[in-house]
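The structure under discussion appears below in the form of structure tokens.
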Amino acid sequence: TDLTDINPAELQELFLISKKLKLGLKDLFQPDLFNYVSSGNSIRHLRLDVIPRYKGKRNFKNVQFQDQNFGKNYSPYNREFEIPTSAMVELRKVIRQKVEK
């Protein structure tokens with residue numbers, strides 16, 4: 001569906017989930033700002049990306065995150081950057097705990 005076609009209850013739920021996700025990412029990475037993107041380029045679906053943006057490097061579980069495009073469009077991003085599975089599992093766990101509060 002299209003973002004502008006969702007009903008008020010769906011919009012409220014999307015906003016609440018996005019806000020909680022933002023708070024979780026804010027706790028973890030202390031970003032300087034956020035970008036929000038709603039796109040469905042190849043498959044018709046609704047999604048909202050919450051993208052933390054930061055000037056300096058951030059670390060989580062010995063993984064260094066760097067926003068090489070800070071101050072510019074977030075894309076193209078470094079497609080070679082990979083988060084080890086163990087760090088990804090922990091990152092999801094921490095964010096989920098914050099979102100479920």
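The values are calculated or read from the model by the stated rules, or taken from the named source; none is laboratory data. Small disclaimer: the values here were computed from a predicted structure and weren't measured. Cβ sites come from the backbone with ideal geometry, for glycine too, and all protein chains shown count toward neighbours. We work out accessible area using only protein heavy atoms, side chains counted, and drop any ligands, DNA or RNA first. Shrake-Rupley method; radii C 1.70, N 1.55, O 1.52, S 1.80 Å.
Below are the figures for this structure:
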item	result
Arg58 exposed (fewer than 13 other Cβ atoms within 10 Å of the Cβ) and closer than 16 Å to Lys22 by Cβ	no
Conditions (1) within 17 Å of Lys98 (Cβ to Cβ); (2) open to solvent by less than 90 Å² (accessible area, probe 1.4 Å); (3) modelled with pLDDT under 90; number of the one not met by Asp27	(2)
Residue match in the range 38-54 (condition: in a helix (DSSP H, G or I) and either in contact with a Cys (Cβ under 9 Å, 6 or more places away or on another chain) or surrounded by 11 or more Cβ atoms within 10 Å (Cβ to Cβ) (or both))	no
Contacts under 9 angstrom Cβ, first residue in the range 67-91 being in contact (Cβ under 8 Å) with a residue 24 or more places away in the chain and over 17 Å from Leu28 (Cα atoms), partner assigned to a loop (DSSP other than H, G, I, E, B) and of a type in the set (Asp, Glu), 6 or more apart	Phe70/Asp32; Tyr74/Asp67
Exclusive hit being assigned to a helix (DSSP H, G or I), of a type in the set (S, T, N, Q) and in contact with a strand residue (DSSP E or B) (Cβ under 8 Å, 6 or more places away or on another chain), set Ser18, Ser86	Ser18
